[in-house]
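The values are calculated or read from the model by the stated rules, or taken from the named source; none is laboratory data. Model, not experiment: these values are computed from the prediction. Quick reminder, even Gly has a Cβ in these numbers, built from the backbone with ideal geometry, and neighbours come from all protein chains shown.
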């Protein structure tokens, strides 16, 4: 029983990270129908940004955690947002009207390129980097299970940020513009919405969440490699699809489900931890084939 | 660039080209490096050597000399499309000069290496660069005429022409492969020499294209298709007899051939039917593992040994079954989602293979020591004697793979021009309309997966034997992306495109080994740039070119055609108004 | 338009003048050009090449770079000390990208050059399966610094009927059948652990090691409570830790390299499972401690501890002084010894004569008889091509570095 609860808790923590990334995926797909393969790399560069602040900005190492952690978060978010904006401007915007294949391949290219760029130019990035966890070292015991404080932080931040973004999209003017553009870009333009700005804003919001996720994830796992983005990115996309592409709460819920599929599947299904990724992919295939609109999506959202 | 060249007035065209040609000539004779570089003397005696005897020039300087002479001649000879020829020659000269300039500068540590140092002068690369630029501007001034259409000839003469053309292509290919020699300690500038050679080849081909020769030959080969195919096959088989006939190049060519065959199979799925498959390499992997298990390798747990042809057929069949399995759930899924589903299948395969599923894949230890194919007692990895020449080991695999590629090409071409192929293209363009026209889209899509996967399985079976090992890490997501890149780079739906794409992606890393740390980075960048600037690929299928580049199948930009149509319409209206008034 | 042309022409002219004027900004070792090797040695007979086949790009590039740099160090030292009279030695590193296909291509490339005398490689046993047959076919010497799979020297049935597979293949590192059981002996006999959990990362190295460890551990009466596998790039081990926690292991044996082992150790401790993590030479690297290795974690490695060996200390000093960008990581020392074995045997085989491909057999014989002190101990090969250095050391993390706690031969 303890193991079951523990694995559920682990699954939720994993799901929290994936959820923050999935929100970015689902928003971008909702608005320009692009699977941004490179979104995982935005997550990864955000984490490296936070690490860079820790390592290279003088004085950060000696600060108290309530100064250092926000600084690292800011650093991470600045890096991830910059990369996302550049990506949108130079890689995706010129291909706005190209056939579907082009932006997909470009996204793959950006993903590979970013991984390599970080590996080559971030000092020592050939090997895994150690990520500090000075601030939130404690282990919290909830009944029979143990969860590191960073894990709880991840869950809390994920739900909070998800709710915040959902609120913003529903209530603010720019949010309304975003929803309008994703429903019908031409009419939105007639209504005075500048699609370029809205799209950049979408990328920025997704990048902020991914950047935060990166720094917190690095702290939780205490190590960081350049390949960290790719796998988490695929899980995040699975989560977005499971929840329903275009639906924000769907992405978050889907992420928690995927996290638990991995941990519980690795624990209880045949094959053990060796096959835990396989179960996630099986879920992905089943969802796409039998219920492409996901849990919360609307049928019409499925574009060919 | 075209905005700049448009500024050149007509009168300056001829003089600029003449100057350009002259400059290229002079550049060839000038020294190129001011001192002996750290790695060793730069090739072709470029260091401080001013030639007064033009015929003693070698390598890229000789190419530059020829370009310069050609440019001068073409400027003054009444050739209809001289503008195009001069432009091609100009770009070629520019490329050669630029490549060498960059290499010498970076090896030499500064601009001084190509200009002046310690009282020595060596302006060759700069002069060449300016000469190339002058030629390009000059050609713009002269104007680009239509590519002339060369006349048809009697059949026998055309056969001869085709023979000569393909033999020349074979020679060019073998020269390109061996240009610069093996990159390595013994020849540290191999990369530069190779790139400069590519520049020369590009300029040469561009010039021939401008004169109309390439179009002429391709039309001829269309007219005499069977003959061309046979000659091409013979030429491909003759590669081991040329200077590229070493064990090394047979190995590389064999690998290129296998990936080319797989890429053509992928072309069926992606290029013809428009089904984006991101996990395609899994089919190749399954074929490899099946063949490995039936080959009698010590690590194969099945214990059955079958002769290679039987094993290959069984492998193809089993992979075909998997193709159908992967294809069926994807029937209801489209576009981007299809890509993700196939990616998921690919990852499931890689993971399962890594974990030795069913004890069939050897897991992390792989299945090593697969015995080489043996036909009639002849082991395929031994050197052989043919027609009195000793051919290196691995040549038998090369011949087999050439046959495999030919087979795959034949299958592809036949399918493409059949009802099935047209059905696929219809599905690719618009699935709903296709279904409305009565095409059974479900069956067709599964057929695409079936055919594509069987071809990949066949390639995989040969691959396992050639490499001698079947290991899960030869079939990962990165290889799927590379295969897709080969298809796209070469041009979707086009056979020579897939072969060119595979060749580029596997030969370039071999020749340019000094960049291997940046290999993946350059690969990612290449994907981005190609989709941005030339999404139809290098050798595009005519329809695809139209779709991507906004051109009609004849190559005219759509805007031009539309403008013309509007003008004609207005003209009609006016004349009808005129007649009414 | 007139204005623009004039402006453009002016710019171009200015540029040309500037270029000509800014003649030599950075002229490296000007004039003399080839000024890096002090040619006090006789290098008249030409250049001979030592090849390296290792993953120089991709995930394991740090390990590959260590192998390449250490081999370069050996070659540079040989040139300075004129070890092979009459010849200059050069290193030709080739990337195998951890891919058997690329490895085979690299091997074919080296095999086609007459001047290649030997190859240091490969890192991965799976790549070696494709590389070794090609080199063997061309009679080219190969010494691996890192292949641990027993089958490479002794054949598939290496326990019961060992048969030498390739007479050109040697290795300086230890093999799974020594390292695994040696660790088991220590962990069970000395450290008194009875319930051991095994975690591997799915690669050949870790799987082979874990297999031999398991056999020996069970022979010794300990219980392998569970065996789990993680992905090779995984850094989040929470689910695997939760899976092994209910079994209450008192130690964890990790089959894999330090990028995974370090975080695993740290996360185990955070989760309340404060047990030692033990691994093979793949985790014996300072980076393991930086990434999370804690006090009490153990690793095995071939050879006596480096500070008891003068030759090892000399290697470390020379490596640090050479200014390489990357560290020598787990296999640099083995690569250094392998390269020196090639160079030393080459000197013996040529003597004062000339090199030609006929000398390859003599070179192989010379390697078989080679004996010297290297960075990992005594470098010598047995009749299968394995290193005779069966001295293994167990290291334990103490503070911020590894400290040797036991040295000895593996007896059985």
What pairs come out if I take residues in the range B:405-426 that are under 15 Å from residue B:232 (Cα atoms) and pair them with residues that are surrounded by fewer than 18 Cβ atoms within 10 Å (Cβ to Cβ) whose C-beta lies under 7 Å away, six or more apart or interchain?
B:406/B:233
Of everything in the range A:225-261 that's within 12 Å of another protein chain (Cβ to nearest Cβ) and within 24 Å of residue A:180 (Cβ to Cβ), which residue is surrounded by the most Cβ atoms within 10 Å (Cβ to Cβ)?
A:240
Matching residues in the range C:40-70 - criterion: being facing chain A (nearest Cβ under 10 Å) and outside any loop (DSSP other than H, G, I, E, B):
C:61, C:62, C:63, C:64, C:65
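Table: residues versus (1) farther than 21 Å from residue B:363 by Cβ; (2) buried (at least 21 other Cβ atoms within 10 Å of the Cβ); (3) modelled with pLDDT under 90.
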| position | (1), (2), (3) |
| --- | --- |
| C:120 | yes, yes, no |
| C:129 | no, yes, yes |
| C:140 | yes, yes, no |
| C:152 | no, yes, yes |
| C:161 | yes, no, yes |
Against the condition part of a helix (DSSP H, G or I) and in contact with a strand residue (DSSP E or B) (Cβ under 7 Å, 6 or more places away or on another chain), how does residue C:88 come out, does it pass?
no
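To keep it simple, each residue is scored yes or no on (1) surrounded by fewer than 24 Cβ atoms within 10 Å (Cβ to Cβ); (2) in contact with a strand residue (DSSP E or B) (Cβ under 9 Å, 6 or more places away or on another chain).
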| position | (1), (2) |
| --- | --- |
| B:451 | yes, no |
| B:463 | no, yes |
| B:471 | no, yes |
| B:479 | yes, no |
| B:482 | yes, no |
| B:488 | no, no |
| B:501 | no, no |
Note on residue B:380: of the conditions (1) crowded, with 20+ Cβ neighbours inside 10 Å; (2) in the same structural domain as residue B:476 (by TED's automatic domain parsing); (3) farther than 19 Å from residue B:456 by Cα, unmet is (2)
Sort out which residues of the range B:329-344 are closer than 15 Å to residue B:478 by Cα and more than 7 Å from chain A (Cβ to nearest Cβ), and write them in order of number.
B:342, B:343
Being under 24 Å from residue C:406 (Cα atoms) and outside any strand (DSSP E or B) is the filter here, so list the residues in the range C:161-177 that pass it.
C:172, C:173, C:174, C:175, C:176, C:177
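A quick yes/no check of all residues on (1) within 13 Å of another protein chain (Cβ to nearest Cβ); (2) on the phi > 0 side of the Ramachandran plot; (3) not in a helix (DSSP H, G or I):
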site	(1), (2), (3)
A:41	yes, no, no
A:48	no, no, no
A:66	no, no, no
A:77	no, no, no
A:90	yes, no, no
A:93	yes, no, no
A:105	yes, no, no
A:114	yes, no, no
A:132	yes, no, yes
For residue A:37, which of the numbered conditions (1) in contact (Cβ under 8 Å) with a residue 40 or more places away in the chain; (2) within 14 Å of chain B (Cβ to nearest Cβ); (3) in a helix (DSSP H, G or I) fails to hold?
(3)
Could you go through the range B:180-190 and let me know if any residue there is surrounded by 17 or more Cβ atoms within 10 Å (Cβ to Cβ) and either modelled with pLDDT of 80 or more or assigned to a helix (DSSP H, G or I) (or both).
yes
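One line per residue, one yes/no per condition, for (1) within 14 Å of chain C (Cβ to nearest Cβ); (2) within 27 Å of the chain's Cα centre (by Cα); (3) outside any helix (DSSP H, G or I):
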{"site": "B:140", "(1), (2), (3)": "yes, no, no"}
{"site": "B:157", "(1), (2), (3)": "no, no, no"}
{"site": "B:161", "(1), (2), (3)": "no, yes, no"}
{"site": "B:166", "(1), (2), (3)": "no, yes, no"}
{"site": "B:172", "(1), (2), (3)": "no, yes, no"}
{"site": "B:193", "(1), (2), (3)": "no, yes, no"}
{"site": "B:202", "(1), (2), (3)": "no, yes, no"}
{"site": "B:209", "(1), (2), (3)": "no, yes, no"}
{"site": "B:214", "(1), (2), (3)": "no, yes, no"}
Residue count, the range C:131-158 (criterion: in a loop (DSSP other than H, G, I, E, B), under 25 Å from residue C:280 (Cα atoms) and within 14 Å of another protein chain (Cβ to nearest Cβ))
8
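Listed here are the residues, each with its yes/no results for (1) part of a helix (DSSP H, G or I); (2) within 30 Å of residue C:128 (Cα to Cα); (3) within 14 Å of chain C (Cβ to nearest Cβ).
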| site | (1), (2), (3) |
| --- | --- |
| B:445 | yes, no, no |
| B:449 | yes, no, no |
| B:453 | yes, yes, no |
| B:466 | yes, yes, yes |
| B:478 | yes, yes, yes |
| B:487 | yes, no, no |
| B:492 | no, no, no |
Taking the range C:300-317 on its own, how many of its residues are modelled with pLDDT of 85 or more and under 16 Å from the mean Cα position of the chain (by Cα)?
5
If you go through the range A:183-190 one residue at a time, do you hit one that is within 30 Å of residue A:147 (Cβ to Cβ) and out of contact with any helix residue (DSSP H, G or I) (no Cβ under 6 Å at 6 or more places or on another chain)?
no
Of these, A:57, A:110, A:79, which one is at pLDDT 90 or above and more than 21 Å from residue B:340 (Cα to Cα)?
A:79
Residue in the range C:212-228 that is within 10 Å of chain A (Cβ to nearest Cβ), within 30 Å of residue A:226 (Cα to Cα) and surrounded by 22 or more Cβ atoms within 10 Å (Cβ to Cβ) present:
no
Where in the range B:225-312 are there helices (runs of 4 or more DSSP H), lying fully within it, with 1 or more residues that are modelled with pLDDT of 90 or more and within 14 Å of chain C (Cβ to nearest Cβ)?
B:247-266, B:281-293
Count of the range C:178-202 residues which are part of a loop (DSSP other than H, G, I, E, B) and touching a strand residue (DSSP E or B) at 6+ places or on another chain (Cβ under 8 Å)
5
Yes or no: residue B:322 over 24 Å from residue B:447 (Cβ atoms) and surrounded by fewer than 24 Cβ atoms within 10 Å (Cβ to Cβ)?
no
One residue from A:229, A:211, A:162 being modelled with pLDDT under 90 and within 16 Å of the chain's Cα centre (by Cα):
A:229
Any residue in the range C:236-257 that is facing chain A (nearest Cβ under 9 Å) and either touching a strand residue (DSSP E or B) at 6+ places or on another chain (Cβ under 7 Å) or under 30 Å from residue C:373 (Cα atoms) (or both)?
yes
Being more than 10 Å from every other protein chain (Cβ to nearest Cβ) and either without any contact (Cβ under 8 Å) to a residue 40 or more places away in the chain or within 19 Å of residue A:275 (Cβ to Cβ) (or both) is true for just one of B:363, B:377, B:323. Which residue is that?
B:377
